[in-house]
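What follows is a single structure, written as structure tokens, with notes after it.
The values are calculated or read from the model by the stated rules, or taken from the named source; none is laboratory data. Remember, predicted model here, so these are calculated numbers, not experimental data. For neighbour counting, all protein chains shown are included, and Cβ atoms are generated from backbone atoms with ideal geometry for every residue, glycine included. Only protein heavy atoms, including side chains, enter the accessible area calculation; ligands, DNA and RNA are left aside. Shrake-Rupley method; radii C 1.70, N 1.55, O 1.52, S 1.80 Å.
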Amino acid sequence: MQIAKYLRMVVVAVGMAAGMYGTAQAQGFYWGPRVGLNISTVTKTTYAKARARASFGLMAGYKINDLIGLQAEALYSLQGYQMTNSPEKYSYNYIKIPVLAKLYLIGGLNIEAGVSFNWLVRAQSKEVNVINESGTVVTSQDLLGSSKPFDLSIPVGLNCQFSRLFDIGVRYDISTVRIPDERKNHAKNGNWSINLGLRF
């Protein structure tokens with residue numbers, strides 16, 4: 001199954017990073033879990049409005065000196081949007097591997113930017129229609145086969161690391177690849193996220 005293959009890749013990558021922790025701790029290495037709230041929508045699409053969804057995963061980073069650091073993450077990110085003129089909702093779930101450079105301004109406050117490699121693992125549209133007082137009808141459509149399987153995005157954000165315990169940040173992903181395979185449809189992901197991470 002495609003999702004299982006991607007998850008195995010993530011587990012292997014995170015396991016390698018965790019194995020390095022013991023030898024690299026003194027050099028400024030850290031890792032830990034990460035959760036976030038996505039406010040996602042799509043650009044260049046009429047009548048689209050944002051949906052609030054979740055993301056979760058793991059991160060590993062290395063603070064080179066007082067000014068510069070690097071961080072990589074492995075996230076399962078739930079994204080999508082809903083229509084303003086119909087009861088239809090769209091879901092696009094990605095496995096995302098962001099690789100970020102950090103510029104520290106003062107203390108733990110830092111600007112982060114980089115590139116994110118994103119694999120689409122689930123795409124679906126769902127519409128809920130009220131038939132009468134007795135119930136509703138839910139219709140759904142699988143969009144995975146008609147959507148681009150890969151998205152390359154540019155994450156930029158502001159983050160604050162508190163000692164070696166946790167960090168919180170806000171980030172925007174600038175997508176460079178359209179979602180649908182259809183050439184005339186230029187819709188791309190637009191995703192704001194608020195992230196919280198524990199650092200060990």
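Quick notes on this structure:
- Semi-axes of the equivalent ellipsoid for the stretch 31-178, computed as √(5λ) from the eigenvalues of its C-alpha gyration tensor and ordered from largest down, come to 35, 15, 13 Å.
- Spin-label model distance (nm) - Met83 vs Thr46, 7 Å beyond Cα toward Cβ: 1.2 nm
- Of Phe29, Phe56, the order by accessible heavy-atom surface (1.4 Å probe, DNA, RNA and ligands excluded), from most exposed downward, is Phe56, Phe29.
- Sorting the Cα pairs of the stretch 56-119 by distance into bins of 5 Å, from 0 upward, gives 4, 16, 19, 16, 13, 11, 8, 6, 4, 2, 0 percent per bin.
- Filter on Lys102/Lys184; Lys44/Lys96; Lys44/Lys126 - keep pairs with C-alpha separation over 31 Å: Lys102/Lys184
- Reciprocal mean inverse distance between Cα atoms of the stretch 120-186 - Kirkwood radius, Å: 15.8 Å
- The string of couplings for the stretch 91-97 from the Karplus curve (6.51, -1.76, 1.60, θ = phi - 60°) is 10, 10, 10, 10, 8, 10, 10 Hz, one whole number per residue in order, with x for Gly and Pro.
- Take every Cα pair under 8 Å whose residues are at least 6 apart in sequence, average their separation, divide by the length of the stretch 57-200, and the relative contact order is 17 percent.
- Contact order normalised by residue count of the stretch 139-185, Cα under 8 Å, 6+ apart, percent: 43 percent
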